[in-house]
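Below is one structure, written out as structure tokens; comments come after it.
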Amino acid sequence: MNLTLHVWRQKGPEDRGRLERYAARNIDPELSFLEMLDQLNGELIREGREPIVFDHDCREGICGACSQVINGEAHGPQAETTVCQLYMRQFQDGDEIYVEPWRARAFPVIKDLVVDRSALDRLIEAGGYISVGTGGVPDANAILVPGEAAETAMDAAECIGCGACVAACPNGSAMLFVAAKIAHLASLPQGRPEASRRVCSMTDAMGREGFGNCSNHYECEAACPKGISVKFIAQLNREYLKTLPKAATSKAP
Amino acid sequence: MILDNQCPSGPLADQWDNHRRNLLLINPDNKRKYTVLVVGTGLAGASAAATLAELGYKVEAFCYQDSPRRAHSIAAQGGINAAKNYPNDGDSIYRLFFDTIKGGDFRARESNVYRLAQISNGIIDQCVAQGVPFARDYAGYLQNRSFGGSQVSRTFFARGQTGQQLLLGAYQALSRQIRAGKIRVHTRREMLDLVVVAGRARGITARNLVSGELESYAANAVVLATGGYANVYNLSTNALGSNVTAAWRAYKRGAYFANPCFTQIHPTCIPVSGNLQSKLTLLSESLRNDGRIWVPRNRRDPRSPEQIPEAERDYFLERRYPGYGNLAPRDIASRAVKQICDAGFGVGNGQGVYLDFTDAIQNLGTETIRSRYGNLFDMYLRITGEDAYRRPMRIFPAPHYSMGGLWVDYNLQSTVPGLFVLGEANFSDHGANRLGASALMQGLADGYFILPYTITDYLAGTGPGRNAVTDDAFDQSRTATEECLQQLLAVRGDKTVDEFHRQLGHILWNNVGMARSEESLQRALQQIPPLREEFWNRVRVPGRSDDFNQELEKAGRLADYLEFGELLARDALNRNESCGGHFRVEHQTEDGEALRDDANYNYVAAWEYRGDQTPPRLHKETLRFDSIETAVRSYK
């Protein structure tokens, strides 16, 4: 198949950037979207032009590195699918395809389709963990986790940290990302002791990092390649509300 | 140099305890005077970095990805082994140890493997405490499943994303230490050289992949947890960025490379579909718990699988290995698949066999199968466009893991003092074949529970000293690294890095793949040097070195693979026996099983670099089996 691509090219953070047009010819429908870009890059290199820079690594939908907005949708048209798992058979011969980076205030563009997502790491650093050191822990079966709770925790823990939720959100909010971590840990007995401190600390960090607020558009859930549910945002809000009476009655630390 | 593996003596069960009793300690206050560099943030690297920081050391961690959470451990699917014996089905530390040694075809050290089995239980406890959501039953107890090469259920799992969940546990422990100011993580950094000062590893040269700048880091010790080298085959299940560069450059600075020919070809991967394909996708071995592998009894049978009656199907693993059936170990299953396809029974384009869930769906129902493997069936659908609930999957073996790696002693220290190597990057525990669900176990054992003890002993012995990048060795390393980058850019040829990588991959897959012979290995050794020369004359690397330049990154990694591939073939040629994943067609039993030669090859082959123009020197570490008798490895 033959396609026309409009790809965002930006030399660096200071460059304004622009869409450039490329012809992708003789594309095998069995190729993945990224393999199609590999093929195009090969041609650009042989023509002495600069290849398109994009993040990718595992190419099996789990590392969360790939991050492209395709025809206005984070990770493209296929539901619950990362760009690396999107195959060209999803497109038609002659299609025009627009390829852009994640766009959010908290994710500055580094080059072309690559953005800086370190803000997500800093959200986890703010409290997205259980404070246990190595060693001195009880036997694994001494902490019982009812099957249903383990399933809920796992539903939330499947987040791959790609940032599509932020890119899809009109407010550039990281609410689904944070909610997934809050819900993962708060659903487990091991995570309960720190639950209120965690939710306060992580939501504070969200504001500091330049993420917007949640206004219930649910675009995040629609874009999420792992199908993480917005019900976890409700769970985050419940966890947060529980901290308010405590905060009102206790002195600042 | 005589390789001293530092293995303790005495009864196996007491060795690690006794060894630890003799290791030196550093008091908590003094630990902050020491800096340790940890390169790689997968299971081994992240767990090591977090634990060292908890103990009080200053840690600098490095990864080429944009976040430590993306290291390729994230892609491990099936599970992690431990000798908990929760199902009460006869497991024990000894049995996990024995299965691992036997699975590795008696080419691993007893002492290391026994320690691994001892530590396995503590890993599960640690991960549960961190909040890893392992599968549980309704009452809240942990569930187990079976994996290849074992007759007990000892594998813990978190759906089909066990590696992801374990890595996130380690990443969160790491994040906690970053918050505490104990760790600095340098993302989008690639280690390009090891800096050795006065015979000790004292730092690294790393390239900032965004700015292109070469940076020097000095420390009291360096830890490599940089993964494996399966991408030398071009198409593999590894992430595209996975590379041998850090290990290879350490090799060139004096670290011996052990058993490079021990590579694992995983049986259950989605078959190759085209020439421009960039990677092969693994489908977890856990699928073999419920899926049955078969081919038609007629060669090149044109019928679709559901039209082929039961009597005309050959369930060849169940036929050849009735004791283990579809759960035969990876090397054996892969070889059986290759043999049956070579004989003309393959399906699809001839390079594939069926993995069929019809029986399991009938017995257990679609919902049970969906709950066990749903994400894998979804992945198969996205990649192939086929629905595995309705028709069997097609699978074929693909390069997956490297048992070989930098040589380390019992303390995980390489032949360069102060350079420690963890996880897949070292060679230590899996012999000639790794059992499923043991890589996660080893990575976390090394990082959480072994290195923190052994590196302390090393540091206590050397004292804190001063860490500064002022030594000439740092300047020289940066200069040499920059020259190498400039050389790659200066070729300005007409072929892309990817084209060369495909060529190298073909040479290795065809000649040093699942079946190797003296003839094929000689051919590989004849073909690789000219390809390397052509690479340095014709490769086209666009752009500059002081910029975000992904082609330059790839070119540097491939340049190392073009050298390393030759060592891999050389090692395979030297090892004139069949064992585990290393199958020399000259050495097989009448029914096509690997034939070991314990009289002549009961050793670890450790290769010493002696310059680009001089062949490497082989050092042998003889393996001793005091507790078990080596035997013909049978899974019948």
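Here B:Asp378, B:Asp472 are screened, and the one residue that is under 21 Å from B:Ala218 (Cβ atoms), of a type in the set (Asp, Glu) and open to solvent by 10 Å² or more (accessible area, probe 1.4 Å) is B:Asp472.
Check whether at least one residue in the stretch A:218-231 is within 17 Å of A:Ala106 (Cα to Cα) and assigned to a helix (DSSP H, G or I), and report yes or no. Yes; the residues of the stretch A:218-231 include at least one that is within 17 Å of A:Ala106 (Cα to Cα) and assigned to a helix (DSSP H, G or I). Selection of the stretch A:141-159 for residues being touching a residue at least 12 places away in the same chain (Cβ under 8 Å), at the interface with chain B (Cβ under 8 Å from one of its Cβ atoms) and not aliphatic (A, V, I, L, M) yields only A:Glu158.
The residues in the stretch B:208-254 that are over 26 Å from B:Ala76 (Cβ atoms) and hydrophobic (A, V, I, L, M, F, W, C) can be counted, and the count is 5. Residue count for the stretch B:168-198 satisfying the condition of being in a helix (DSSP H, G or I) and either open to solvent by 20 Å² or more (accessible area, probe 1.4 Å) or in contact with a His (Cβ under 9 Å, 6 or more places away or on another chain) (or both): 4. In the stretch B:594-608, the residues that are at pLDDT 95 or above form Cβ pairs under 9 Å with partners that are assigned to a strand (DSSP E or B) and among the basic types (Lys, Arg), at six or more places apart or across chains, as follows: B:Leu595/B:Arg584; B:Tyr603/B:Lys620; B:Val604/B:Lys620; B:Ala605/B:Lys620; B:Ala606/B:Lys620; B:Trp607/B:Arg617; B:Glu608/B:Arg617.
Taken together, the residues in the stretch A:184-203 that are away from chain B (no Cβ under 13 Å) and open to solvent by 20 Å² or more (accessible area, probe 1.4 Å) amount to 3.
Let's see how each residue does on (1) within 20 Å of B:Gly513 (Cβ to Cβ); (2) hydrophobic (A, V, I, L, M, F, W, C); (3) within 14 Å of chain A (Cβ to nearest Cβ); (4) within 24 Å of the chain's Cα centre (by Cα):
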{"site": "B:Arg288", "(1), (2), (3), (4)": "no, no, no, yes"}
{"site": "B:Trp294", "(1), (2), (3), (4)": "no, yes, no, no"}
{"site": "B:Ser304", "(1), (2), (3), (4)": "no, no, no, no"}
{"site": "B:Ala311", "(1), (2), (3), (4)": "no, yes, no, no"}
{"site": "B:Glu318", "(1), (2), (3), (4)": "no, no, no, no"}
{"site": "B:Leu327", "(1), (2), (3), (4)": "no, yes, no, yes"}
{"site": "B:Arg335", "(1), (2), (3), (4)": "yes, no, no, yes"}
{"site": "B:Lys338", "(1), (2), (3), (4)": "yes, no, no, yes"}
{"site": "B:Asp359", "(1), (2), (3), (4)": "no, no, no, no"}
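Taking the criterion of being more than 7 Å from chain A (Cβ to nearest Cβ) and surrounded by 24 or more Cβ atoms within 10 Å (Cβ to Cβ), the residues of the stretch B:115-133 that qualify are B:Arg115, B:Leu116, B:Ala117, B:Ser120, B:Ile123, B:Cys127, B:Val132.
Taking the numbered list (1) at pLDDT below 95; (2) of a type in the set (A, V, I, L, M); (3) open to solvent by 30 Å² or more (accessible area, probe 1.4 Å) in turn, B:Leu25 passes all entries but (1).
Do the conditions hold for B:Gly405, that is, is it over 30 Å from B:Asn510 (Cβ atoms), of a type outside the set (D, E, K, R), surrounded by 21 or more Cβ atoms within 10 Å (Cβ to Cβ) and touching a helix residue (DSSP H, G or I) at 6+ places or on another chain (Cβ under 6 Å)? No; evaluated as a whole, the condition is false for this residue.
Residues in the stretch B:158-184 that are more than 8 Å from every other protein chain (Cβ to nearest Cβ) and of a type in the set (A, V, I, L, M, F, W, C) were compared, and the one that is farthest from A:Cys58 (Cα to Cα) is B:Ala180.
B:Ile74 - would you say it is within 7 Å of chain A (Cβ to nearest Cβ) and assigned to a helix (DSSP H, G or I)? Against the criterion (within 7 Å of chain A (Cβ to nearest Cβ) and assigned to a helix (DSSP H, G or I)), B:Ile74 qualifies. Taking the stretch B:595-614 as the range and being farther than 25 Å from B:Lys102 by Cα and open to solvent by less than 70 Å² (accessible area, probe 1.4 Å) as the test, the residues that pass are B:Glu608, B:Tyr609, B:Gly611, B:Thr614. I'd like to check something: does the stretch B:199-213 contain any residue that is surrounded by 24 or more Cβ atoms within 10 Å (Cβ to Cβ), within 11 Å of chain A (Cβ to nearest Cβ) and in contact (Cβ under 8 Å) with a residue 40 or more places away in the chain? No - not one qualifying residue is present in the stretch B:199-213. Looking at the stretch A:172-179, can you tell me whether even one residue there is surrounded by fewer than 24 Cβ atoms within 10 Å (Cβ to Cβ) and in the same structural domain as A:Asn216 (by TED's automatic domain parsing)? Checking the stretch A:172-179: at least one residue is surrounded by fewer than 24 Cβ atoms within 10 Å (Cβ to Cβ) and in the same structural domain as A:Asn216 (by TED's automatic domain parsing). Could you tell me whether any residue of the stretch A:99-115 is part of a loop (DSSP other than H, G, I, E, B) and facing chain B (nearest Cβ under 8 Å)? Among the residues of the stretch A:99-115, not one is part of a loop (DSSP other than H, G, I, E, B) and facing chain B (nearest Cβ under 8 Å), which makes the answer no.
Quick grid of which residues meet (1) within 14 Å of chain A (Cβ to nearest Cβ); (2) at negative phi:
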{"residue": "B:Arg434", "(1), (2)": "no, yes"}
{"residue": "B:Asp446", "(1), (2)": "yes, yes"}
{"residue": "B:Thr454", "(1), (2)": "no, yes"}
{"residue": "B:Asp457", "(1), (2)": "no, yes"}
{"residue": "B:Gly465", "(1), (2)": "no, no"}
{"residue": "B:Thr470", "(1), (2)": "no, yes"}
{"residue": "B:Phe474", "(1), (2)": "no, yes"}
{"residue": "B:Glu482", "(1), (2)": "no, yes"}
{"residue": "B:Leu489", "(1), (2)": "yes, yes"}
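When residues in the stretch B:214-237 are screened for being crowded, with 23+ Cβ neighbours inside 10 Å, among the aliphatic types (A, V, I, L, M) and outside any loop (DSSP other than H, G, I, E, B), 6 of them pass.
Can you find a residue in the stretch B:43-63 that is crowded, with 23+ Cβ neighbours inside 10 Å, in a loop (DSSP other than H, G, I, E, B) and not assigned by TED's automatic domain parsing to the domain that holds B:Arg330? Yes: one or more hits. Taken together, A:Glu60, A:Glu80, A:Glu73 contain a single residue that is at the interface with another protein chain (Cβ under 9 Å from one of its Cβ atoms), touching a residue at least 24 places away in the same chain (Cβ under 8 Å), open to solvent by 40 Å² or more (accessible area, probe 1.4 Å) and among the acidic types (Asp, Glu), which is A:Glu80. Among the candidates B:Asp91, B:Asp105, the residue that is crowded, with 22+ Cβ neighbours inside 10 Å, at pLDDT 95 or above and more than 21 Å from the chain's Cα centre (by Cα) is uniquely B:Asp91.
Results for (1) part of a helix (DSSP H, G or I); (2) open to solvent by 10 Å² or more (accessible area, probe 1.4 Å); (3) over 29 Å from B:Gln65 (Cβ atoms), shown as yes or no for each residue.
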site: A:Gly133; (1), (2), (3): no, yes, no
site: A:Leu144; (1), (2), (3): no, yes, yes
site: A:Ile160; (1), (2), (3): no, no, no
site: A:Cys165; (1), (2), (3): yes, yes, no
site: A:Ile182; (1), (2), (3): yes, no, no
site: A:Gly210; (1), (2), (3): no, yes, no
site: A:Glu239; (1), (2), (3): yes, yes, yes
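The condition (being within 14 Å of chain A (Cβ to nearest Cβ) and not polar (S, T, N, Q)) is satisfied by just one residue among B:Met403, B:Met379: B:Met379. Restricted to the stretch B:261-286, and to residues there that are among the hydrophobic types (A, V, I, L, M, F, W, C) and farther than 30 Å from B:Leu618 by Cβ, the residue that is farthest from the chain's Cα centre (by Cα) is B:Leu276.
Per this entry, B:Tyr233 is counted among residues that are away from chain A (no Cβ under 13 Å) and either closer than 23 Å to A:Gly42 by Cα or free of Cβ contacts under 8 Å to residues at least 60 places away in the same chain (or both).
The values are calculated or read from the model by the stated rules, or taken from the named source; none is laboratory data. This structure is a prediction, so every number in the text was calculated from the model and none was measured. We place every Cβ from the backbone using ideal geometry, glycine too, and count neighbours over all the protein chains shown. Remember, those area values only see protein heavy atoms, side chains included, never the ligands or the DNA or RNA. Shrake-Rupley method; radii C 1.70, N 1.55, O 1.52, S 1.80 Å.
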